[in-house]
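A.B. asks: Just passing along the structure, written as structure tokens.
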Amino acid sequence: MLPYAGGGTISISSALEEERGEIEILSSDTGKALTDDRIRNIFKPSFSTRYTATGLSFAIIRNILESHSGRIRVASEFGIGNTFRIICR
């Protein structure tokens with residue numbers, strides 16, 4: 001676990017799913033949970049919650065993963081935080 005500026009922690013873990021031939025990488029934080037609206041839009045180009053950001057980061061990440069038969073998912077729970085799940089072959 002790593003501390004971050006908001007006072008919470010970030011955890012990164014990985015697992016090998018041998019039966020499916022996949023690697024799963026989890027990045028979880030204890031920060032403020034994302035709303036359903038933000039989760040729906042987070043992978044759209046130009047979506048950002050900050051005035052100085054371009055909103056391309058997650059769109060680019062998703063496109064790179066999908067072009068290599070991978071995928072990314074996000075889950076968020078109030079009071080717990082956010083989890084990004086990257087699955088690659």
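A.B. asks: Looking only at residues that are more than 13 Å from the chain's Cα centre (by Cα) and surrounded by 11 or more Cβ atoms within 10 Å (Cβ to Cβ) in segment 31-46, which one is modelled with the highest pLDDT?
C.D. replies: Out of the qualifying residues, it is 35.
A.B. asks: Now, a different point. Under 8 Å between Cβ atoms, at least 6 apart or on separate chains: pull out the pairs that start in segment 23-41 with a residue that is farther than 18 Å from residue 57 by Cα and end on any residue that is of a type in the set (Lys, Arg).
C.D. replies: Sorted first by the residue in segment 23-41, then by its partner, the pairs are 23/89; 24/85.
The values are calculated or read from the model by the stated rules, or taken from the named source; none is laboratory data. Remember, predicted model here, so these are calculated numbers, not experimental data. Every residue, glycine among them, receives a Cβ derived from its backbone with ideal geometry; neighbour counts consider all protein chains shown.
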